[in-house]
Number of protein chains: 2
Amino acid sequence: MSRSRQDVIEVAGRLFAERGYHATSMRALGRELGLLGSSLYAHIQSKEELLVAVVEDGARFFGAAAAAAVGDTPEAELKSLVAGHLRVIAEHPNQARTFLAEARSLDQALCDRIIAARDHYEEAFRTVLRKGIADGSFRVDLDPKTGSIFILSMLNAVERWYHPDGPMDQDALAATLSDFALRAMRR
Amino acid sequence: MSRSRQDVIEVAGRLFAERGYHATSMRALGRELGLLGSSLYAHIQSKEELLVAVVEDGARFFGAAAAAAVGDTPEAELKSLVAGHLRVIAEHPNQARTFLAEARSLDQALCDRIIAARDHYEEAFRTVLRKGIADGSFRVDLDPKTGSIFILSMLNAVERWYHPDGPMDQDALAATLSDFALRAMRR
């Protein structure tokens with residue numbers, strides 16, 4: 001079967017998400033793709049190269065979601081950020097999970113780059129909390145850094161428990177989670 | 001150097017927490033302990049046996065914390081649960097992290113046992129939320145299951161960002177996190 005480099009990255013992302021990076025062998029990846037060792041290495045040099053590609057896809061999806069978040073008020077903008085995060089998890093679960101969970105498996109320089117991308121993403125949450133404090137909608141006694149960590153902690157855990165075919169659809173989850181956070185932060 | 005089985009389990013827990021289970025080799029463990037291969041295997045049969053021991057320690061610490069939580073009201077009891085969870089993370093970081101992160105590395109039967117222990121722990125949170133709904137202190141439009149997942153998501157993420165020598169000491173973190181959750185859940 002003919003496989004593109006993008007096919008290889010997609011399947012690697014799925015295996016990294018399901019089993020973890022370290023538990024995924026190149027042999028298992030080749031089997032999953034129906035490629036023998038040498039044909040697999042025609043596409044990529046190493047398992048780490050695949051991890052970098054998957055994690056960078058994840059970083060790009062989250063970055064695009066943050067850039068697309070809009071709202072007339074800090075509350076509305078936060079709701080939009082939450083909905084965007086959940087959309088990335090729903091549409092790109094393997095890249096999202098690998099981006100969030102496997103940075104530490106990269107070597108130092110690559111890990112630093114991913115941490116910088118994650119920090120840039122988290123800054124979008126801190127910024128909206130600061131806006132809400134400035135315009136009087138959010139309370140002043142919760143610092144934006146801690147508040148954004150709490151919200152992102154709830155968002156990042158979603159992929160471990162949430163099933164879209166359960167009692168809550170994705171919009172209901174976004175509304176419930178935003179509501180929880182907003183009640184906690186309002187003045 | 002003479003080493004007890006408990007020493008081996010302690011060091012294994014630290015390496016699993018730092019590097020992940022799959023990235024920890026028996027060779028690295030032996031080196032860390034100053035034990036050659038054969039002396040290490042005098043204490044334990046396999047890496048999985050060590051993972052079971054570390055994860056079971058974690059389950060026991062969290063179970064004891066939940067059993068010790070007290071409060072005259074659902075609010076006070078939830079604060080006590082939150083403080084107890086943070087105490088386990090502070091006092092037994094390696095066992096806590098391995099318990100929370102590495103269950104999926106166990107074989108199915110063992111993994112099921114850990115998931116049962118975790119569910120039993122989470123039930124303590126669901127129970128206090130149900131009590132608060134029943135006595136009118138918490139709102140009825142957030143189901144206890146989702147509420148407890150949100151709170152545990154924030155708690156479980158603590159070990160990834162919190163430094164006790166930073167601006168917030170452990171009591172301040174417990175108060176801030178409980179306050180965030182209680183504001184989100186009050187009627």
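No value in this document is a laboratory result; all are computed from the given coordinates. Values in this document were obtained by computation on a predicted structure and should not be read as measured data. Methodologically, a virtual Cβ is constructed for each residue, glycine included, from the backbone with ideal geometry; neighbour enumeration extends over all protein chains shown.
General observations
- Between A:Phe138 and A:Ile133, A:Arg187, the built amide H atoms are under 5 Å apart, and every one of these is 5 or more places off in sequence or on another chain.
- Here segment A:69-120 is assigned +1 on the Cβ of each Lys and Arg and -1 on the Cβ of each Asp and Glu. Its dipole about the Cα centre then comes out at about 180 debye.
- By the equivalent-ellipsoid construction on the alpha carbon gyration tensor, the protein assembly as shown comes out with semi-axes of 35, 29, 18 Å, ordered largest to smallest.
- With K and R counted +1 and D and E -1, the other residues having a Cβ less than 9 Å from that of A:Ala117 yield a net charge of +1.
- Couplings 3J(HN,Hα) for segment B:165-170, derived from phi with the Karplus relation 6.51 cos²θ - 1.76 cosθ + 1.60 (θ = phi - 60°), are 8, x, x, 10, 7, 5 Hz, where x marks Gly and Pro.
- This model, with +1 at the C-beta of Lys and Arg and -1 at the C-beta of Asp and Glu, gives segment A:142-187 a dipole about its Cα centre of some 360 debye.
- From most to least packed by mean Cβ count within 10 Å, the peptides B:100-107, B:16-23 give B:16-23, B:100-107.
- Distance from the Cα centroid of segment B:1-55 to that of segment B:122-139 is 41 Å (rounded to whole angstrom).
- Positive contributions from Lys and Arg (+1) and negative ones from Asp and Glu (-1), summed over other residues with Cβ under 11 Å from the Cβ of A:Asn156, come out at +2.
- Cα-based shape type of segment B:1-155, given that a ≥ b ≥ c are square roots of the gyration tensor eigenvalues and the cut on a/c is 1.5: prolate
- Placing unit charges on each Cβ (+1 for Lys and Arg, -1 for Asp and Glu) gives the protein assembly as shown a dipole about its Cα centre, and among A:Leu29, A:Ala103, A:Ala175 the Cα reaching farthest toward its positive end belongs to A:Leu29.
- Per-residue mean of foreign Cβ neighbours for A:170-183 is 3 (Cβ atoms of other chains, 10 Å radius).
- Largest GNM mean-square fluctuation across B:Gln170, B:Gln45, B:Gln95, computed for chain B with C-alpha springs under 10 Å, falls on B:Gln45.
- Taking 25 Å as the limit for the C-alpha separation, the pairs A:Lys79/B:Lys131; B:Lys79/B:Lys131; A:Lys145/B:Lys131; A:Lys131/B:Lys79; A:Lys79/A:Lys131 exceed it in the case of A:Lys79/B:Lys131; A:Lys145/B:Lys131; A:Lys131/B:Lys79.
- Taking the label point 7 Å along Cα→Cβ, B:Glu123 and its counterparts in the other copies are spaced 4.7 nm apart, in ascending order.
- Averaging the sequence gap over all C-alpha pairs within less than 8 Å and six or more residues apart, then dividing by the number of residues, gives chain A a relative contact order of 22 percent.
- Evaluating 6.51 cos²θ - 1.76 cosθ + 1.60 at θ = phi - 60° for every residue in segment A:131-137, the Karplus couplings come out as 4, x, 5, 5, 8, x, 7 Hz, glycine and proline recorded as x.
- When only the Cβ of Lys, Arg, Asp and Glu is charged (+1, +1, -1, -1), the dipole of the protein assembly as shown relative to its Cα centre reaches about 240 debye.
- Table column - 3J(HN,Hα) (Hz), segment A:37-52, Karplus curve with 6.51, -1.76, 1.60, x for Gly and Pro: x, 5, 5, 4, 6, 5, 8, 8, 8, 7, 5, 5, 4, 5, 4, 4
- Calculated FRET efficiency, B:Ser2 to A:Thr73, Cβ-Cβ distance, R0 = 45 Å: about 0.10 to the nearest 0.05.
- Label point of B:Asp169 set 7 angstrom out along Cα-Cβ; within segment B:38-69, no amide nitrogen lies under 17 Å from it.
- Dipole-positive endmost among B:Gly58, A:Pro144, B:Ala68 within the protein assembly as shown (Cβ charges, Cα centre): B:Gly58
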